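Accompanying notes for the structure given below.
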Amino acid sequence: MATLNATIRGEFKKSYAKKLRNEGKIPSVVYGKTVGNESVAVDAGAVSKLFRSEGRNAIINLDIEGKKKYTVMAHELQFDSIKGTVRHIDFLEINMNEEIDAVVPVVLQGAEAVEAGDVVLNHQLSELTVRALPNDLPSTIEVDVSKLAVGDAVRVSDLASGTSKYTILGDPEEVIVTLSYGANVAEETEEAADAAESTGDGAAE
């Protein structure tokens, strides 16, 4: 379990939050059954390093000034729309024996085997919400697309049957990825079909 140090945040003005961000800190809040609701600040560099090494759904030992420690996860992140940096984090206190819901990124495997020429993968669902015990949450959900043919699709239901430690939530029929021809080939195919139809109509007359 990774440890992340935090300091108590006593001011809540926008100017103070801006000051924290300029100092490389992220204004945050931690909440849960035993902690209640407490405002803190964490180091942006430490958060970035933690996510790179442990993943977005890392289980974190949040150490608040060496006085309080909570087992948490980064439940919600707010990003700067221009810089792409994290502006605020909601840390959720967790019980290791209770299931929680978390958003997990979808990673496509084997794309290079099917994407060639005018054939393209359409990645329609980049994240999935799963329910599991904290230790069973996957850092990513890998989808093998190497065997797809043009016109094939992978749906949520195609993945759900292979999981045992976690449950994928949402519509089972929702499409994650499809394999199709690019726009140019699709247009040419449609034009050819129209031409064939026109020829057929003329012959019928």
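The values are calculated or read from the model by the stated rules, or taken from the named source; none is laboratory data. Just so you know, these numbers come straight off a predicted model, no measurement behind them. Cβ atoms come from the backbone with ideal geometry, glycine included; neighbour counts cover every protein chain shown. Side chains are part of the model used for accessible areas, which takes the heavy atoms of the whole protein and leaves out ligands, DNA and RNA. Shrake-Rupley method; radii C 1.70, N 1.55, O 1.52, S 1.80 Å.
The convex hull drawn around the Cα atoms of the chain, when projected onto a plane and averaged over every direction, covers 17.0 nm². Give, to the nearest whole percent, the P(r) tail of region 1-47 beyond 15 angstrom, counting all Cα pairs. Across region 1-47, Cα pairs with separations above 15 Å total 44 percent. The ellipsoid equivalent to the alpha-carbon distribution of region 11-82 has semi-axes of 19, 17, 12 angstrom, derived from the gyration tensor eigenvalues as √(5λ) and listed largest first.
All C-alpha pair distances within region 83-157, sorted into 10 Å bins from zero, spread as 15, 36, 27, 18, 5 percent across the bins. Could you work out how far the C-alpha centroid of region 15-42 sits from that of region 49-63, in angstrom? Between the Cα centres of region 15-42 and region 49-63 lies a distance of 16 Å. Under a 5 Å amide H cut-off, with hydrogens placed 1.01 Å from N, residue 124 pairs with 177, 178 among residues at least 5 apart or on other chains.
Once the Cα atoms are used to define both axes, helix 183-204 deviates from the longest principal axis of the chain by about 30 degrees.
Taking every DSSP bridge with both residues inside region 1-154, close to 70 percent are antiparallel. Charge tally for residue 81 (other residues, Cβ to Cβ under 15 Å; Lys, Arg +1; Asp, Glu -1): +2.
In percent, rounded to a whole number, the relative contact order of the chain is 16, using alpha-carbon pairs under 8 Å and six or more apart.
For residue 68, neighbours were defined as the other residues whose beta-carbon sits under 15 Å from its Cβ, and their charges (Lys and Arg +1, Asp and Glu -1) total 0. Other residues within the sphere of radius under 13 Å centred on the Cβ of residue 125, judged by their own Cβ, net out at -4 (K and R +1, D and E -1). Here the chain exposes an accessible surface that is 47 percent carbon and sulfur, computed with a 1.4 Å probe and the other protein chains kept in place. Taking the inverse of the mean 1/r over every pair of distinct Cα atoms in region 48-91 gives a Kirkwood hydrodynamic radius of 11.6 Å. Size of region 34-122: Rg and Dmax of its alpha carbons, in Å, are 17.6, 59.
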